[in-house]
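Okay, so here's the structure we're looking at.
Values in this text are rule-based calculations from the coordinates and carry no lab data. Predicted model, so just to flag it, every value in this text is computed and none were measured. Cβ placement follows ideal geometry from the backbone for every residue including glycine, while neighbour counts extend to all protein chains displayed.
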Amino acid sequence: MEDFTFDFPSYTIGKDAYKKVDEICSLYGKKAIVIGGKRAISKAKPYLERDLKKISIIKYHVFQGEASFEACDEILGLKELSEADMIFGLGGGKAIDTAKEVQIKTGKPLFTFPTIAATCAASTKIAITYYKTGESRTTLKMTRPPIHVFINTEIITNAPSVYFYAGIGDTLGKHYEVSFSCRGRELDYLNSLALQLAPMSAEPLIKYGFKAYNDLKNKNNTYEVSQIILDIIISTGYVSILIDHKYNTALAHAIYYGLTLQDVIKEKHLHGEVVSYGVLVQLVLDHKYSGEISEEEIKKVFDFNKSIKLPTCLKDLDLEGCDLKASITKAKNNSGLEVVPYKISEEMIEDAINILEKYNKEGCL
């Protein structure tokens, strides 16, 4: 076996998380440039200015639009970047992915400061990029993930609850997709470790998700909120770092990409929201065609989705009565279905969607 090094990001979580920035980041220098969204900077700046004593932020660069090559090039031209010892990526996924692009280009140490809990971008070692128009472009790989993630729970608790809602929906897919893709395969150490960790992306959601979502909607920074924040940002991120890309998604995300052909999905529904529906379609399909998933497991996820109003049927996605043929074809051809336990056809996907519709109405499969 060749020499091998593996890195995980460490993290700090709590309402005073930024008080650890000096201690952790001063090992890498004294000057930082912040890359973040306008709203994120406005919310985080008072905490940073209160808590930083050893680190000087020499520029707050307001990121706008997409995580594009053009946005990265604009930052690469800043004189403050050349003067900075480190990069602080602050905000949501697109701002943090832009900071990751800059890190890839410069090699400067990167620390992340998520201000919403909608994705695991703050802890992963990839940067998802887009064209300026918003169309998906490519995924860039980092040599290592961010060094440390600073999670201020007070900022996240006071962010719009829709981001938390989407994060819960997307996180739900990690365990079910990874375990489905890996089923029956001989796995190496890292993939085996990811498979063991993957349930941590689902079990806390079922246990704490209902209370956490309602606490966050009421701006209450509770233990349950922290558990779900960690689930969305850290647990899912760690699995994504460990797992081979070919095992990372399956039918739940394929359903999402297929349904993006429907205008109403692009206009009215969130990525994580649609993925959570795709999880149910995958579970129903797997129940019928392999018997590996019990009806009890389907009911558990179904009831959870219902509890926080994640979609369980086409009506919830404004798709009742719509022609889904093209969407099903696109889902079937998605790369996420290239490594799964058995071949999945368009007819199987359509069948699972119809069974799930029946389950919504009759409560049985």
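Quick look at the numbers
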{"read-out": "Label point 7 Å beyond Cα of Leu261 along Cβ direction - residues of segment 284-325 with amide nitrogen under 17 Å", "value": "319-325"}
{"read-out": "Hydrodynamic radius of segment 281-365 per Kirkwood, over alpha carbon pairs, in Å", "value": "13.6"}
{"read-out": "Longest segment of the chain lacking chymotrypsin sites (Phe, Trp or Tyr not before Pro) that sit in a DSSP loop with at most 15 other Cβ atoms within 10 Å", "value": "132-341"}
{"read-out": "Inter-label distance, nm, simple model (7 Å from Cα along the C-beta direction), Asp22/Arg185", "value": "4.7"}
{"read-out": "Phe6-Asp318 pseudo-label distance in nm [points 7 Å out on the Cα-to-Cβ vector]", "value": "4.4"}
{"read-out": "Distant-in-sequence amide H partners of Ile126 (H built 1.01 Å from N, under 5 Å)", "value": "Met142"}
{"read-out": "Note, ³J(HN,Hα) from phi for segment 284-298, Karplus 6.51, -1.76, 1.60, rounded to Hz, x at Gly and Pro", "value": "5, 4, 5, 4, 6, 9, 10, x, 6, 9, 7, 5, 4, 5, 4"}
{"read-out": "Whole-number percent relative contact order across the chain, with pairs defined as alpha carbons under 8 Å at least 6 apart", "value": "15"}
{"read-out": "Sparse-neighbour loop sites [GluC sites (Glu not before Pro); segment 131-226; at most 13 other C-beta within 10 Å; DSSP]", "value": "Glu135, Glu186"}
{"read-out": "Phi to ³J(HN,Hα) by Karplus 6.51 cos²θ - 1.76 cosθ + 1.60 over segment 221-228, Hz, x for Gly, Pro", "value": "8, 10, 4, 5, 4, 4, 4, 6"}
{"read-out": "Extension reserve of the Lys207-Asp244 stretch, reckoned as 0.36 nm per residue once the Cα distance is removed", "value": "10.5 nm"}
{"read-out": "Selection from Ala352, Ile156, Ser240 lying farthest towards where the dipole of the chain points positive, charges on Cβ", "value": "Ile156"}
{"read-out": "Distant-in-sequence amide H partners of Ile57 (H built 1.01 Å from N, under 5 Å)", "value": "Ala32"}
{"read-out": "Charge context of His269, other residues only, Cβ under 15 angstrom, K/R +1, D/E -1", "value": "-3"}
{"read-out": "Contact order relative to length of segment 10-157, as percent, for alpha carbon pairs under 8 angstrom and 6 or more apart", "value": "29"}
{"read-out": "Unit charges on C-beta of K, R, D, E only; dipole of segment 1-133, Debye", "value": "640"}
{"read-out": "Using alpha-carbon coordinates, inclination of helix 161-182 to the longest axis of the chain, degrees", "value": "60"}
{"read-out": "Stretch gain in nm, segment Lys306-Ser42, where the contour uses 0.36 nm per residue and the Cα spacing is subtracted", "value": "91.6 nm"}
{"read-out": "Residues Lys246, Lys361, Lys309, sorted so that the one with the fewest Cβ neighbours within 10 Å comes first", "value": "Lys361, Lys309, Lys246"}
{"read-out": "Rounded to whole Hz, the Karplus (6.51, -1.76, 1.60) HN-Hα couplings of segment 259-267, x for glycine and proline", "value": "6, 5, 5, 8, 4, 5, 5, 5, 8"}
{"read-out": "Zone of Ser294's modelled label, taken as backbone nitrogen in segment 203-226 under 20 Å from a point 7 Å along Cα→Cβ", "value": "203-208"}
{"read-out": "Estimated 222 nm signal from helices in the chain, with DSSP H stretches of n ≥ 4 weighted -39500 (n - 2.57), rounded to 500", "value": "-15000 deg cm²/dmol"}
{"read-out": "Cα Rg, Dmax, segment 10-157, angstrom units", "value": "13.8, 41"}
